Amino acid sequence: MAKPRRGVQFQHRGSNHHNGRRPSISESDSVSEPGSPTGAAMNGKLETSKEEDESPPQSEYEKKKQNFITRAIWTLVMMAAFFTAMFSGHLYIIAIITGIQVMSFKEVIAIANVPSRAKNLRFTRSLNWYFLGTTMYFLYGESVIYYFKHIVLVDKVLLPFATHHRFISFMLYVIGFVFFVGSLQKGHYRFQFTQFAWTHMALYLIVVQAHFVMNNIFEGMIWFFLPASLVITNDIFAYICGIAFGRTQLIKLSPKKTVEGFVGAWVCTIFFGFAMTNVLMRYKYFICPVNDLGANIFTGLECTPNPVFIPQAYHIPSIVTDIPLPGSLHIPSIVHVAPMQFHILVFATFASLIAPFGGFFASGLKRTFKVKDFGESIPGHGGITDRMDCQFIMGFFAFMYYQSFIAVYKANVGDVIQTAIQGLDHEEMVEVVKGLSKHLVNQGVVQETVLECWTGVVGNRR
C-alpha cells in the first residue's frame, strides 16, 4: 500500500482561495497577471484589507483619551447652554428644568421596564406618561397660583382652574388610578404592580424634588444657581483631592470615593461658596424674586433686597480682640458681614456631606439593575440622571432651608386679592375697593375724581 505523500497541496484546497472555491476567471487573471491594471487593483485591495485585519485594536489608553475628549466637549456645550439660558431669563431656566424632569423620569422608568412584557400590555407606558403629566400639572399649577395669583385670580378664564386646581388634579389622578386597576391582566399582576410602584417612586424622587428647584428660581436666581454650583464644585474637588490625597475608601457603593477626597472637597466648597456669594449678592438679577418673567441679565430686576443680603455689624468678643499680634496687626472689634455668608456655610456643608449620598443612592440603583449609566442622553456622560442625582436633593434642601430660615413673609398684592376673592362676596369686595380708593385720595396718590367716578359706577349698577 502506497504511503500518502507529504507536502502535496491540491489546487482546489489551496490557501490562496477562500471557502474552498475554485478560482473564477477574473480571480485567475488577477492572480496570474499581477502586472495588469485589474490585478494591481485587486492586489491593492487585498493588501489594504490585510493591513486592516492586522491593525492592532484600540488600546485602553486611546479609549480613555477619546472618552475624555468627548466628555470635555459636551461639558463645555452644557455649560454654554446653561449660562446662556440663565442670563436670558427665568423662563429659559424653567424650560431646562422641565426638560430635565422629563428625561430623568424616562431614564429611571426605562431601567426597570421589561420590554417583552411591556409589549404584551397595552397601557403600561401610556399610564407612566399619564401619571407624569398629572403630577406636573398639579405641581406647576401650585407654583403659578402661588407666585402669580395677582394675575391668575383676576382672569375670568383662569379663575375657575385656579380656585379648583387641587380638586381637578386629584380627579385626574383618580382617573389614572381607575384605569390602571381596569387594565390589570391575569398572569402580569406582579409586573404591573411593580411598574405602578416604580412609577410613583420616580415621580417623588425626580419630579417632586425638581419642582422645588423650580420654586427656588421664582424666589430668586441665587437660590437656584448657588446650590447647583456648590454641588458641581464639590464633585470637581472631590475628584482632585481624591487623586492627590485619597487613601481610605469612603463607601463600598463607590469604590473610587475616598475619605480624604470627601473632606478636602468640603473645605474647598466652603471657600468657593463664600467667594461666589460675595459676587452674586451685588446683582439684583440674582437676589430679587421673579416679578417679571421677561427680565434678563441686561434689563435686570428691581426689589427691596432680603435683609439676609444686607451687611450687618457684629461685635467681636474682647477675648478675641485682645489676642496680641505681631507688628501693627490687630483684630477689629466690629465687622460688617451679610448674614448670607453664614448661611452659605450650611449650604456648602450639605452640598459636601449629604448631597453626595444622592449619587451613592443612584449608584446602588444602577448596581441593582446591573447597568453602567441611566442612559446615553449626553455623550461621554451617560444619562441626564447620572449628572443630576445630587442636584435633586440639594435643590429640595435649598427650598426647605430658605422657607424656614431666610424667607420674609409679608402680605402682597396676590395674597390680598386671593383673600378677597375667596372670603368676600361681591358687595363686600365693592366696599373694600371704595375704602382703598378713599384712602388713596386722602394720601394724595390719586385724584378725587377717581373716587367720584367709581362711586357713580357702583351706584348705577345698583
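Just so it is clear, none of the values below were taken in a lab; they were calculated from the coordinates. Computed from a predicted model, the values in this text were never measured in an experiment. Every residue, glycine as well, gets a Cβ built from its backbone with ideal geometry; the counts of neighbours run over all protein chains shown.
At-a-glance table
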{"quantity": "Burial ranking of peptide ranges 191-199, 263-271 (average Cβ count within 10 Å, highest at the top)", "calculated": "263-271, 191-199"}
{"quantity": "Distance histogram for the range 296-404 (every C-alpha pair counted, 5 angstrom bins, percent rounded to whole numbers)", "calculated": "2, 9, 11, 11, 12, 12, 11, 9, 8, 6, 5, 3, 1"}
{"quantity": "LEU250 long-range amide H proximity, modeled H, under 5 Å", "calculated": "LYS257, THR258, VAL259"}
{"quantity": "Sparsely packed trypsin sites (Lys or Arg not before Pro) within the range 130-192, loop by DSSP, other Cβ within 10 Å at most 12", "calculated": "LYS156, LYS186"}
{"quantity": "Per-peptide average of other Cβ atoms within 10 Å, ordering 169-179, 235-245 highest first", "calculated": "235-245, 169-179"}
{"quantity": "Of LYS252/LYS372; LYS64/LYS256; LYS149/LYS438, those spanning more than 19 Å from alpha-carbon to alpha-carbon", "calculated": "LYS149/LYS438"}
{"quantity": "Net charge of Cβ neighbours under 14 Å - reference PHE399; Lys, Arg +1; Asp, Glu -1", "calculated": "-2"}
{"quantity": "Nearest-20 debye value, the range 288-386 charge dipole, Cβ charges on Lys, Arg, Asp, Glu", "calculated": "480 debye"}
{"quantity": "Dimensions (Å) - the range 128-279, Cα atoms, principal axes, largest first", "calculated": "58, 52, 14"}
